[in-house]
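What follows is a single structure, written as structure tokens, with notes after it.
The values are calculated or read from the model by the stated rules, or taken from the named source; none is laboratory data. All values reported here derive from a predicted model rather than from experimental measurement. With ideal geometry, Cβ positions are generated from the backbone for all residues, glycine too; neighbour counts draw on all protein chains shown. Note: areas computed on protein heavy atoms with side chains; ligands, DNA, RNA excluded. Shrake-Rupley method; radii C 1.70, N 1.55, O 1.52, S 1.80 Å.
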Amino acid sequence: MTKDKIIKFLNNQCTDAELDETIRWANTEAFSEESIKQAFDEWKTYREENNEGDDEKFSLLFDKIRERINSERQKRNKTGNGNQIFMTRLTRAAAILLLPVLAFLFYTLSEIYDMKSESVSLMQLPVDSLEIIAPVGSRTVVQLSDGSKVHLNYGSRLKYPRTFTGNTREVLLTGEGYFDVAHNPERPFIVQAGEFSIKALGTAFNVMAYTDNDEIETTLVEGKVVLEKSGPEGKIIKNVGAMLPGQHVSYNIKTGAVSCTEVNVEKYIAWKDGKLVFDEANILQVAERLSRMFNVTIEVDDDIKDYTYTVTFVDEPLFQILNLMTIATPVRYNALPRNKLSDGTYSKQKIIFGKKQ
């Protein structure tokens with residue numbers, strides 16, 4: 001099993017044939033000496049590039065993952081449901097992620113990739129840092145070691161230490177997250193989002209920082225937060241100011257412009273409860289939210305870009321939302337079929353909005 005195929009699997013880019021090959025390998029060869037050596041080689045590469053960690057850590061981590069998969073196997077044997085684990089693509093993928101080599105490679109490779117891919121490195125998390133990803137179409141809740149709770153929106157990821165040490169509690173967010181921070185006046189809680197950081201002692205706030213968006217947005221629900229702009233190696237270069245409950249701050253990455261407004265915070269945090277709230281949002285804003293939420297590409301014709309929507313959706317499927325939009329305004333949409341790519345995967349679905357004739 002090559003590393004490239006494992007990475008394709010972790011990114012959900014496998015063809016059906018590659019997925020079947022991964023399942024076969026996982027069931028027959030994952031515990032072989034060759035597979036363990038492959039994982040250990042990756043570990044050594046990780047050590048060399050980061051100058052951290054030791055061989056004992058590899059052994060402990062590998063043993064823990066192996067114990068977990070053995071435990072899962074025993075449970076399936078007792079319930080007699082082992083043959084049903086691979087009934088669907090989703091459940092098969094979930095089962096494979098329990099396998100030791102894939103889980104271990106995900107841990108080490110994500111460490112290497114994320115540390116290198118950040119254009120601005122704002123903080124150095126411990127070597128035992130963890131990463132939680134909320135895939136497209138689902139939301140995730142994370143309980144941190146200090147008692148803080150984080151809700152992650154679609155396509156978001158949170159990187160955080162297993163245990164907070166030092167004088168601060170620092171996490172790295174890509175995407176959107178709602179933070180309910182445990183109060184600790186001695187150790188500020190810091191969310192790093194691109195070149196922006198949000199510092200709190202104990203409060204509740206929302207942060208949106210998707211990499212494909214020029215804006216980083218923060219909405220304060222309760223308590224108080226301080227906003228700071230960081231430079232290379234996490235050095236604070238500018239204190240942007242403090243926020244009060246009910247305020248929404250938007251920071252433009254390209255221009256450095258900062259705007260602050262009083263808002264109805266429910267509009268910005270309702271997503272964590274499965275609600276999609278639009279308050280006089282133009283169709284471009286609606287299209288952007290839907291594109292990210294459902295992993296589709298939505299194009300809007302110029303002659304309908306002024307249409308606005310005030311509506312709340314609660315866990316509605318995409319095409320039901322689109323149909324309701326055509327009822328509320330004189331628009332139509334055309335959902336184009338997906339194209340098969342050269343590597344066997346399929347492109348995102350494209351949806352085009354136009355004016356009704």
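Applying the selection to the range 289-305, what residues are outside any loop (DSSP other than H, G, I, E, B) and free of Cβ contacts under 8 Å to residues at least 40 places away in the same chain? It would help to see each step written out before you state the result.
Let us first name the residues in the range 289-305 that are outside any loop (DSSP other than H, G, I, E, B), namely 289-294, 297-300, 302-304.
Listed by number, the residues that qualify are Arg289, Leu290, Ser291, Asp302.
One line per residue, one yes/no per condition, for (1) polar (S, T, N, Q); (2) closer than 27 Å to His248 by Cα:
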| site | (1), (2) |
| --- | --- |
| Tyr268 | no, yes |
| Asp279 | no, yes |
| Glu299 | no, no |
| Tyr307 | no, yes |
| Thr312 | yes, yes |
| Glu316 | no, yes |
| Asn323 | yes, no |
| Thr326 | yes, no |
| Lys355 | no, no |
The residue from Gly147, Gly194, Gly223 that alone is under 25 Å from Asn295 (Cα atoms) and at pLDDT below 95 is Gly194
Just one listed residue, out of Thr312, Thr345, Thr326, is within 20 Å of Lys272 (Cα to Cα), of a type outside the set (Lys, Arg) and either open to solvent by 80 Å² or more (accessible area, probe 1.4 Å) or in contact (Cβ under 8 Å) with a residue 24 or more places away in the chain (or both), and it is Thr312
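Residues being charged (D, E, K, R) and part of a helix (DSSP H, G or I): count how many of those fall in the range 271-288. Write out each step before concluding.
Residues of the range 271-288 that are charged (D, E, K, R), as a first pass: 272-273, 275, 279-280, 288.
Next, from what is left, pick out any that are part of a helix (DSSP H, G or I): 272-273, 288.
Result for the range 271-288: 3.
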inquiry  = Would you confirm whether or not the range 229-238 contains a residue that is hydroxyl-bearing (Ser, Thr, Tyr) and more than 16 Å from Ile269 (Cα to Cα)?
reply    = yes
